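The values are calculated or read from the model by the stated rules, or taken from the named source; none is laboratory data. What you see is a predicted model, and the numbers here were worked out from it, not measured in a lab. All Cβ positions, even for glycine, are placed from backbone atoms using ideal geometry, and neighbour counts span all protein chains on display. When the accessible area is computed, the model is the full protein with side chains, heavy atoms only, and any ligands, DNA or RNA have been set aside. Shrake-Rupley method; radii C 1.70, N 1.55, O 1.52, S 1.80 Å.
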Amino acid sequence: MASVTYRNVYKRYGDVTVITDLNMEIADKEFVVFVGPSGCGKSTSLRMLAGLEDISEGEIFIGDRVVNDVPPKDRDIAMVFQSYALYPHMSVYDNMAFGLKLRKTPKAEIDRRVKEAATILGLENLLDRKPKALSGGQRQRVAVGRAIVREPAVFLMDEPLSNLDAKLRVTARAEISKLHQRLGTTFIYVTHDQVEAMTMGDRIAVMSDGLLQQIDSPRNLYNAPNNVFVAGFIGSPSMNFFDAILVGEENRLFVDTGDFRVAVPESRKTAYSSHVGKEVIFGIRPEHVHAPEYAPPNIMGEPLSATIEIVELLGHELHLFMNSGKFSFVGTVDTRMDAHAGNRVEVLFDMNNMHLFDKKTELAIR
């Protein structure tokens, strides 16, 4: 088992820099997820660790060893790709055993590892089948099994669930999380799906434009995002943002958008006081927008009048897409609310869960 460290890592293609000064420490046995939009550099970061991409500058460590110039086969890693890349002419057993055969592992050891991995993944009855006789979920498990039999120090997974349907992805997420707990090995997982990231990772590394924006626990990313990008990327539906000015009146602070004004909790005054009179970005998550009649107790906020544009009932929750003046925003409200497109309604922002960002830097104000 091993830790992983990125130290001042850059990746350039000619004059184009796709990874900028990446610094990160991943502990032994930790499950870390790289997440971000397409083109943000998450897969490139993983491929540099695997040795499939050269490092332009900096160092990558696996354990205490710098692996910049170590061939991929000698890095003690195993990788699961987005395309399962199974050999179509080989059985499940042979697909899983192939890498071990190349390393001249004794036959008895190969058999032990393959059957053990098959048991873990529920593939015991499929070992004689060819890939064409398997479902997408079964092929994905074979690809994971091929990595497991290597018994590597680090598992790398590059969007391994993206080819599965939505229901199967939920099941596969749980299987991979249980697999990590069972194997007790370092896992690094790449996805563009923030739901996968939030449900699987011990920590999540959020990337954008080749820069690491924040690495933290799912809870901290959700409750205390470092900047506007992280705040908007984590959470579904995305956080609502409003351009505003922070106003001080009669020893109180208000967020004034021009179309509406809401009071800042007393507990935030000290943190926000240095930005009085300045342009800010006010953020509130959809789940902290409530119908007044169904609002939770002890909520701090004032009713805001808005027009419903779209209603989405998901069964367990109700999404309202609303408009107030020049601003559009989303609320995830109680399903008992009688809501119809075109209705004028009052909603309540829970200001105890507000977020405030500097307009120029887009960094969180705390």
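Numbers for the structure displayed
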read-out: Pairs, first more than 9 Å from LYS29 (Cβ to Cβ) in region 175-188, second at pLDDT 90 or above and not in a helix (DSSP H, G or I), C-beta under 6 Å, six or more apart; value: ILE188/VAL32; ILE188/LEU156
read-out: Selection from region 139-169 of residues that are surrounded by 15 or more Cβ atoms within 10 Å (Cβ to Cβ), more than 21 Å from GLY184 (Cβ to Cβ) and without any contact (Cβ under 8 Å) to a residue 40 or more places away in the chain; value: LEU161, LEU164, LEU168, ARG169
read-out: Per-region count, region 52-84, residues among the aliphatic types (A, V, I, L, M), farther than 20 Å from TYR189 by Cα and in a strand (DSSP E or B); value: 1
read-out: Selection within region 74-97 - over 21 Å from ALA172 (Cβ atoms), touching a residue at least 12 places away in the same chain (Cβ under 8 Å) and either touching a Lys or Arg at 6+ places or on another chain (Cβ under 7 Å) or surrounded by fewer than 16 Cβ atoms within 10 Å (Cβ to Cβ) (or both); value: TYR87, PRO88, HIS89, MET90, SER91
read-out: Region 124-153, subset touching a Phe, Trp or Tyr at 6+ places or on another chain (Cβ under 8 Å) and outside any helix (DSSP H, G or I), residue farthest from GLY201 (Cα to Cα); value: ASP128
read-out: Selection count, region 272-282, where residues are part of a strand (DSSP E or B) and open to solvent by 60 Å² or more (accessible area, probe 1.4 Å); value: 1
read-out: Residue among MET207, MET200 that alone is over 25 Å from LEU127 (Cβ atoms) and either in contact with a Gly (Cβ under 9 Å, 6 or more places away or on another chain) or not hydrophobic (A, V, I, L, M, F, W, C) (or both); value: MET207
read-out: Residue in region 36-51 that is more than 23 Å from the chain's Cα centre (by Cα) and part of a loop (DSSP other than H, G, I, E, B) present; value: yes
read-out: Residue among LEU46, LEU22, LEU102, LEU123 that alone is modelled with pLDDT under 95 and crowded, with 19+ Cβ neighbours inside 10 Å; value: LEU123
read-out: Residue in region 259-266 that is of a type outside the set (Gly, Ala, Ser), part of a helix (DSSP H, G or I) and open to solvent by 50 Å² or more (accessible area, probe 1.4 Å) present; value: yes
read-out: Failed item, numbered, when PRO131 is tested on (1) out of contact with any Pro (no Cβ under 6 Å at 6 or more places or on another chain); (2) free of Cβ contacts under 8 Å to residues at least 60 places away in the same chain; (3) over 17 Å from THR186 (Cβ atoms); value: (1)
read-out: Hits in region 283-313 (condition: in a loop (DSSP other than H, G, I, E, B) and surrounded by 17 or more Cβ atoms within 10 Å (Cβ to Cβ)); value: ARG285, ALA291, ALA295, MET300, GLY301
